[in-house]
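Read through the structure below, which is laid out as structure tokens, and then see the notes.
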Amino acid sequence: EKGGYPHFMLKEIFEQPNSIYDCIRGRIVNNGTEIKLSGITDHPDRFINASRIIIVACGTSWHAALIGARLFESIARIPAQVEYASEFRYSNPIVTPQDIVIAISQSGETADTLAAIKLAKERGAFVYGVCNVVSSSIARETDTGTYIHVGPEIGVASTKAFTGQVTVLTMLALAIGQLRCTISKEKLTEMAHALINLPELIKETLKLNKNIERLSSIFTYAHNFLYLGRGYNYPSALEGALKLKEISYIHAEGYPAAEMKHGPIALIDREMPTVVIAPTDELHEKIISNIQQVKARGGSVIAIVTRGDETIPEIADHTLEIPPVPECLSPIIVSIPLQLLAYHIAVMKGCNVDMPRNLAKSVTVE
Ligand code: F6R
């Protein structure tokens with residue numbers, strides 16, 4: 001049932017070209033010029049008149065939510081905020097009938113997320129689900145939604161569900177942008193084609209596996225890791241750190257790269273490796289200077305860069321190259337080496353990667 005892989009987690013990481021294909025299938029139509037999500041086309045007024053989007057989720061799904069909020073603001077121009085479901089439900093939140101509350105949950109059974117949407121519904125919001133498990137409690141409780149359709153996820157650490165969630169959130173932002181005319185036809189077509197191209201890019205990125213396996217043996221000694229990223233990849237840094245701590249039991253923290261000098265830089269020494277997510281983008285120069293700051297303090301750097309970057313490989317200790325991809329889709333590609341790094345370090349430490357201690361696949365109690 002593991003399809004020849006030693007663990008479900010590795011199988012699920014390698015399934016991502018197919019799971020993303022399934023996630024997109026039938027949703028990009030008209031020769032890649034239109035996004036079609038029934039949850040949106042059945043309720044156009046809700047999205048045209050929406051004053052705000054509030055996304056509620058927990059854990060890895062909360063990281064996908066952070067990326068989603070950025071997509072909604074930049075593509076659909078709707079103010080968006082992200083809440084931990086567990087905080088939202090007890091905060092007496094201001095929710096109005098013009099608000100759209102999006103719940104993201106792989107299992108569709110997370111107790112806090114379920115309670116958050118019940119509250120949002122009571123207060124009149126339109127509630128949209130982004131789930132994997134069909135007919136799960138959250139899928140049933142929402143007004144409508146979009147399934148991520150990535151197939152069953154068995155490994156406790158979420159991998160293909162995360163990339164599926166980000167893919168659906170991208171399609172959602174594009175579909176709302178299309179409806180509200182906040183995105184040009186050309187830009188939409190360009191993004192749709194980039195989405196269609198994702199499975200190929202993921203396949204290519206998975207070729208890093210052997211390289212990452214070798215690299216991982218160097219880092220099993222570490223007790224702490226820092227993950228840095230900016231913009232769309234700040235949530236990637238949080239997610240990379242969460243993957244590592246969940247399955248390898250190494251303490252790891254994710255930070256927006258520029259925050260490093262406001263505190264965490266004090267921790268950096270020879271014993272504390274830093275993973276820097278640094279694809280080529282507008283703020284590339286700034287992240288290069290973060291790498292130099294880590295190096296100047298004796299820290300070792302594993303950098304994730306875009307193929308063709310000539311600067312970072314000169315200064316980082318280890319470089320992992322990903323193919324070029326539009327900035328807002330880069331978290332999907334970046335998550336592949338981050339998942340593989342956590343996986344191999346954990347396996348080399350002898351950890352049970354599919355069933356890490358103290359964790360359950362779905363958290364149905366508070
Ligand atoms: C991390 C992980 C958890 C879940 C969280 C929410 O790898 O799997 O952090 O993301 O428990 O679960 P769902 O998405 O099922 O609501």
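The values are calculated or read from the model by the stated rules, or taken from the named source; none is laboratory data. Being a predicted model, the structure only gives us computed values, none of them experimental. For neighbour counting, all protein chains shown are included, and Cβ atoms are generated from backbone atoms with ideal geometry for every residue, glycine included. Ligands, DNA and RNA are excluded from the accessible area calculation, which covers all protein heavy atoms including side chains. Shrake-Rupley method; radii C 1.70, N 1.55, O 1.52, S 1.80 Å.
Looking for something within 16 Å of the ligand (Cβ to nearest atom) and in contact with a helix residue (DSSP H, G or I) (Cβ under 9 Å, 6 or more places away or on another chain) - is there at least one such residue anywhere in region 319-331? Before you say what the answer is, go through the steps one by one.
Step one: filter region 319-331 for residues within 16 Å of the ligand (Cβ to nearest atom), giving 331.
Adding the requirement that they be in contact with a helix residue (DSSP H, G or I) (Cβ under 9 Å, 6 or more places away or on another chain) leaves 331.
Among the residues of region 319-331, at least one is within 16 Å of the ligand (Cβ to nearest atom) and in contact with a helix residue (DSSP H, G or I) (Cβ under 9 Å, 6 or more places away or on another chain), which makes the answer yes.
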Hits in region 209-238 (condition: part of a helix (DSSP H, G or I), under 25 Å from Glu285 (Cα atoms), touching a strand residue (DSSP E or B) at 6+ places or on another chain (Cβ under 8 Å) and open to solvent by 10 Å² or more (accessible area, probe 1.4 Å)): Tyr234, Leu238
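Which members of region 18-57 meet the condition of being part of a helix (DSSP H, G or I) and open to solvent by less than 10 Å² (accessible area, probe 1.4 Å)?
Keep residues of region 18-57 that are part of a helix (DSSP H, G or I), which gives 18-24, 38-41, 44-48.
Of everything in region 18-57, those that are part of a helix (DSSP H, G or I) and open to solvent by less than 10 Å² (accessible area, probe 1.4 Å) turn out to be Ser19, Ile20, Cys23, Gly39, Ile40, Phe47.
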Kindly list, by first and then second residue, each pair from a residue in region 211-240 that is on the phi > 0 side of the Ramachandran plot to a residue that is among the hydrophobic types (A, V, I, L, M, F, W, C), limited to pairs with Cβ atoms under 7 Å and residues at least 6 apart or on different chains. Gly231/Leu283
Take region 339-362 and flag every residue that is out of contact with any Ser or Thr (no Cβ under 7 Å at 6 or more places or on another chain), of a type in the set (S, T, N, Q) and under 19 Å from Cys58 (Cα atoms). Asn358
Please state which of the following conditions Leu71 fails to meet, knowing it meets all the rest: (1) under 27 Å from Leu338 (Cβ atoms); (2) more than 11 Å from the ligand (Cβ to nearest atom); (3) in a strand (DSSP E or B); (4) open to solvent by less than 40 Å² (accessible area, probe 1.4 Å). (3)
Considering every residue within region 336-357, establish whether at least one is within 16 Å of the ligand (Cβ to nearest atom), open to solvent by 10 Å² or more (accessible area, probe 1.4 Å) and touching a helix residue (DSSP H, G or I) at 6+ places or on another chain (Cβ under 7 Å). yes
Specify which of the listed residues (Tyr255, Tyr234, Tyr227) is hydroxyl-bearing (Ser, Thr, Tyr), modelled with pLDDT of 95 or more and within 16 Å of the ligand (Cβ to nearest atom). Tyr227
Do any residues in region 102-113 that are touching a residue at least 24 places away in the same chain (Cβ under 8 Å) have Cβ atoms under 8 Å from those of residues that are assigned to a strand (DSSP E or B) and near the ligand (Cβ under 6 Å from one of its atoms), where the two are at least six apart or on different chains, and which pairs are they? Thr113/Ser105
Only one of these conditions is not met by Ser86: (1) within 14 Å of the ligand (Cβ to nearest atom); (2) polar (S, T, N, Q); (3) open to solvent by 50 Å² or more (accessible area, probe 1.4 Å). Which number is it? (3)
